[in-house]
Amino acid sequence: MVYDCIIVGGGIAGLQAAIQLGRYQHKTLVIDANQGRSTICQCYHNLLGWPNGVSGPQLRQIGRQQAAALDVQFVDDEVIESSPCAEGFLLQAKTGASYAAKRILMATGIVDNIPSWPDIYPCLGISIYVCPDCDGFEIAHRRALVLGAGSVGAHMALTLTYFTNELVYINHGQTEVEMSLQDQLQDAGIEYISAPIQSLLTEGPHLQGVILQTGQRIEAEHAFVAFGGNQVKSGLAAQLGVNLHKNKHILVDPRTKMTNVPNVWAAGDVVAHSEQVSIAMGEGVQAAIWIHKSLIK
């Protein structure tokens, strides 16, 4: 079978595009590796219509059901190779299966560099956060920790001073912090500790603090993680000759969301923009509209 469109990635942007393409009655397939931010975020706080927040897994479940009701097909697999073919594009999956499509939408997203502390995942989006634009408000006028490495963590701590002046930066990675940033931390009244974290203190999804390898206990009910090294999943697009920003995000036409390669679109956090769920939704719809226009020409 040759699909009208294959969407690589079943996160927020991919699902929103799938719903729109399903409403156009195009033969659409979503190939999803079940990775990325939307699989682990337990609460998005800043979405219209969800004043009490909604989790990524819940949005994914709702989106899949909504798209499946429109005859969108789903495959749980990981695409490892993309190439042009006579029909348009050929995608090779990790399981050995191959899929052909006239149009491709890359919605492959980002994988955050999250420490391997087992207690962190129930807390993500509820008491431990990664994005100050999304969740800085959650620590407004409250004590919070920044758990990070080097200058990346220092920048996060300084950014968060917009919301609170009760901050402790724990340089878990113990990598170098630029002297100018150390001076800024001191000027902002941010306590700076360079020591590895042994474990988190949590009660379900609620943070209570951390224990350092020295045995010291540092209490706080909120924290941000900032280690750098997030993986932008743009490798498949690059295989097709898609232009990337210097930070590896995909460059697209701001109006159509199509890349420089004809009939290859991109949407969501893999694109060069502010990484927000609401933006991912909008880009998914926008890309789908222009994919539809191209198919009916």
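Summary table
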quantity	calculated
Qualifying positions in segment 154-192 - within 25 Å of the chain's Cα centre (by Cα) and part of a helix (DSSP H, G or I)	ALA154, HIS155, MET156, ALA157, LEU158, THR159, LEU160
Residues satisfying the stated conditions in segment 204-238, i.e. within 25 Å of the chain's Cα centre (by Cα), exposed (fewer than 13 other Cβ atoms within 10 Å of the Cβ) and either β-branched (Val, Ile, Thr) or modelled with pLDDT of 95 or more (or both)	GLY204
Selection status of GLU283, of a type in the set (Asp, Glu), open to solvent by 60 Å² or more (accessible area, probe 1.4 Å) and in contact with a strand residue (DSSP E or B) (Cβ under 8 Å, 6 or more places away or on another chain)	no
Subset of segment 70-88 (residues that are open to solvent by 80 Å² or more (accessible area, probe 1.4 Å) and in a loop (DSSP other than H, G, I, E, B))	ASP71, ALA86, GLU87
Residues satisfying the stated conditions in segment 113-166, i.e. surrounded by 18 or more Cβ atoms within 10 Å (Cβ to Cβ), over 22 Å from SER278 (Cα atoms) and among the polar types (S, T, N, Q)	SER151
Qualifying position, being over 30 Å from LEU145 (Cα atoms), at pLDDT below 95 and more than 19 Å from the chain's Cα centre (by Cα), among GLU81, GLU87	GLU87
Residue match in segment 29-51 (condition: part of a strand (DSSP E or B), closer than 19 Å to GLY268 by Cβ and under 15 Å from the mean Cα position of the chain (by Cα))	yes
Hey, LEU185 more than 27 Å from PRO115 (Cβ to Cβ), open to solvent by less than 30 Å² (accessible area, probe 1.4 Å) and among the hydrophobic types (A, V, I, L, M, F, W, C) or not	no
Set GLY204, GLY229: member being within 17 Å of VAL146 (Cβ to Cβ), touching a residue at least 24 places away in the same chain (Cβ under 8 Å) and not basic (Lys, Arg)	GLY229
First in segment 253-275 and free of Cβ contacts under 8 Å to residues at least 40 places away in the same chain and open to solvent by 10 Å² or more (accessible area, probe 1.4 Å), second anywhere and among the small types (Gly, Ala, Ser) and part of a loop (DSSP other than H, G, I, E, B), Cβ under 6 Å, 6 or more apart	LYS257/ALA267; VAL261/GLY241
Test: ARG37 is at pLDDT below 95, under 20 Å from ILE7 (Cβ atoms) and touching an Asp or Glu at 6+ places or on another chain (Cβ under 8 Å)	yes
LEU200 vs. criteria in contact with a Cys (Cβ under 6 Å, 6 or more places away or on another chain), surrounded by 14 or more Cβ atoms within 10 Å (Cβ to Cβ), at negative phi and assigned to a strand (DSSP E or B)	no
Segment 102-130 - residue that is of a type in the set (A, V, I, L, M, F, W, C) and assigned to a strand (DSSP E or B) and, of those, nearest to ALA226 (Cα to Cα)	ILE128
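The values are calculated or read from the model by the stated rules, or taken from the named source; none is laboratory data. Computed from a predicted model, the values in this text were never measured in an experiment. All Cβ positions, even for glycine, are placed from backbone atoms using ideal geometry, and neighbour counts span all protein chains on display. These area figures cover heavy atoms from the full protein model, side chains too; ligands, DNA and RNA do not enter into them. Shrake-Rupley method; radii C 1.70, N 1.55, O 1.52, S 1.80 Å.
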